[in-house]
Amino acid sequence: MERPRILILGGTGEGFALAERLADRSDLEAVSSLAGRTAAPRRPLGEYRTGGFGGVAGLRQYLIQNRIFAVLDATHPFANHISANAHHAAREAGIAICHIWREPWEPRGGDHWHEVATIEEAARSLPADATRVLLTIGSTELAAFCGRDDLDFVARVVAPIAAPPGEVWPKCLDFVYDRGPFSLANEIQLMRAHEISHMVTKNSGGEAARAKLDAARELSVGVTMVRRPPPPPGDLVASAGGALHWLDSQLAARPRSFSASQ
Ligand code: NAP
């Protein structure tokens with residue numbers, strides 16, 4: 001009898017956790033999907049695929065051709081294109097989907113946060129007296145800071161990245177190559193070693209990446225926090241555990257004829 005197939009849209013800690021939790025389940029088959037942005041990506045446990053689907057139409061076709069029963073969208077809260085595409089593709093294909101939407105971080109006593117709506121606003125609003133700015137925003141939006149050659153930057157990224165076509169990275173931008181999760185001790189050491197006065201980060205939420213905020217508070221480093229986009233429509237859960245509960249309720253409610261008709 002054919003087992004229901006589950007698509008995990010990943011690229012996050014929750015995506016890897018879901019792949020691990022579903023890999024040894026005998027009642028279903030899970031396949032993870034990665035965007036394929038990094039040259040040497042961490043690989044999820046079990047079956048996986050890499051690369052874009054080709055927008056809503058491509059993803060809808062993938063869901064139908066691969067007989068996907070349900071989609072677990074464990075992509076990053078700032079990866080809003082894939083989440084919106086997945087919502088529309090699943091709805092058009094009549095397939096259930098839930099999105100993991102972590103609680104955003106809130107400032108705590110002793111934090112010095114300046115909240116902004118976009119990366120461009122973050123770049124514009126950095127104060128001229130920032131001695132050195134740590135950028136923990138990933139690799140795709142660093143060019144927004146190239147105009148601030150009055151400041152020094154350290155960008156933490158997973159692997160070396162090429163400058164935008166026809167450009168070179170400015171001398172005021174240094175790179176640190178590392179992959180999380182990072183402990184509080186790691187983060188304090190990094191900020192001290194580079195004499196960081198300010199940090200720019202996105203409000204990703206969750207526990208895995210919050211040590212940098214605790215380090216910033218401890219070292220009185222100013223934080224420019226990019227607010228997250230609105231959540232995708234539809235079913236939202238806060239964690240990988242919540243997504244598993246949601247999946248189990250979908251499996252329990254499925255018609256007995258599901259296996260035969262797929
Ligand atoms: P995005 O803007 O929402 O996605 C752009 C396009 O990349 C999508 O339209 C889709 O292409 C493809 N894509 C994205 N995630 C995919 C996945 N898991 N599997 C297959 N295709 C995917 O996303 P992004 O911000 O560039 O992030 C890319 C990936 O990195 C995401 O999977 C996300 O979980 C992870 N990530 C992002 C951030 C962040 O800050 N944005 C941080 C950590 C991890 P098609 O339209 O061709 O299907």
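The values are calculated or read from the model by the stated rules, or taken from the named source; none is laboratory data. A quick note: this is a predicted structure, and the numbers were derived from the prediction, not measured. Glycine also receives a Cβ, built like all others from the backbone with ideal geometry; neighbour counts cover every protein chain displayed.
May I ask you to list the residues in the range 42-67 that are within 13 Å of the ligand (Cβ to nearest atom) and either part of a helix (DSSP H, G or I) or hydroxyl-bearing (Ser, Thr, Tyr) (or both)?
Answer for the range 42-67, where residues must be within 13 Å of the ligand (Cβ to nearest atom) and either part of a helix (DSSP H, G or I) or hydroxyl-bearing (Ser, Thr, Tyr) (or both): Tyr48, Thr50, Gly55, Val56, Ala57, Gly58, Leu59, Arg60, Gln61, Tyr62, Leu63.
Just to be sure, is Leu22 in a helix (DSSP H, G or I) and modelled with pLDDT of 95 or more?
In short, yes.
Looking at the range 68-81, which of its residues are in contact (Cβ under 8 Å) with a residue 60 or more places away in the chain, out of contact with any His (no Cβ under 9 Å at 6 or more places or on another chain) and within 6 Å of the ligand (Cβ to nearest atom)?
Passing the criteria: His76, Phe78, Ala79, Asn80.
Out of (1) more than 16 Å from the ligand (Cβ to nearest atom); (2) buried (at least 19 other Cβ atoms within 10 Å of the Cβ); (3) of a type in the set (D, E, K, R), the odd one out for Arg192 is which?
(2)
Among Phe16, Phe69, which is under 28 Å from Ile161 (Cβ atoms), at pLDDT 95 or above and in contact with a Lys or Arg (Cβ under 9 Å, 6 or more places away or on another chain)?
Checking each option against the conditions leaves just Phe16.
Anything in the range 68-83 that is under 10 Å from the mean Cα position of the chain (by Cα) and assigned to a helix (DSSP H, G or I)? List them, or say none.
Asn80
Please indicate, with yes or no, whether at least one residue in the range 83-92 is touching a residue at least 24 places away in the same chain (Cβ under 8 Å), more than 8 Å from the ligand (Cβ to nearest atom) and of a type in the set (S, T, N, Q).
Among the residues of the range 83-92, not one is touching a residue at least 24 places away in the same chain (Cβ under 8 Å), more than 8 Å from the ligand (Cβ to nearest atom) and of a type in the set (S, T, N, Q), which makes the answer no.
Can you name the number of the only condition in (1) within 8 Å of the ligand (Cβ to nearest atom); (2) part of a helix (DSSP H, G or I); (3) crowded, with 18+ Cβ neighbours inside 10 Å that Ser33 fails?
It is condition (2) that Ser33 fails.
Residues are listed down the side, and each one gets a yes or a no for (1) touching a Pro at 6+ places or on another chain (Cβ under 7 Å); (2) surrounded by fewer than 19 Cβ atoms within 10 Å (Cβ to Cβ):
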residue	(1), (2)
Arg5	no, yes
Gly11	no, no
Asp27	no, yes
Pro44	no, no
Arg60	no, no
Leu63	no, no
Phe69	yes, no
His76	no, no
Ser83	yes, no
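For Phe16, work out the one condition from (1) within 12 Å of the ligand (Cβ to nearest atom); (2) free of Cβ contacts under 8 Å to residues at least 12 places away in the same chain; (3) in contact with a strand residue (DSSP E or B) (Cβ under 9 Å, 6 or more places away or on another chain) it doesn't fulfil.
The number of the failed condition is (2).
Can Ile119 be described as at pLDDT 95 or above and touching an Asp or Glu at 6+ places or on another chain (Cβ under 6 Å)?
For Ile119, the condition - at pLDDT 95 or above and touching an Asp or Glu at 6+ places or on another chain (Cβ under 6 Å) - is met.
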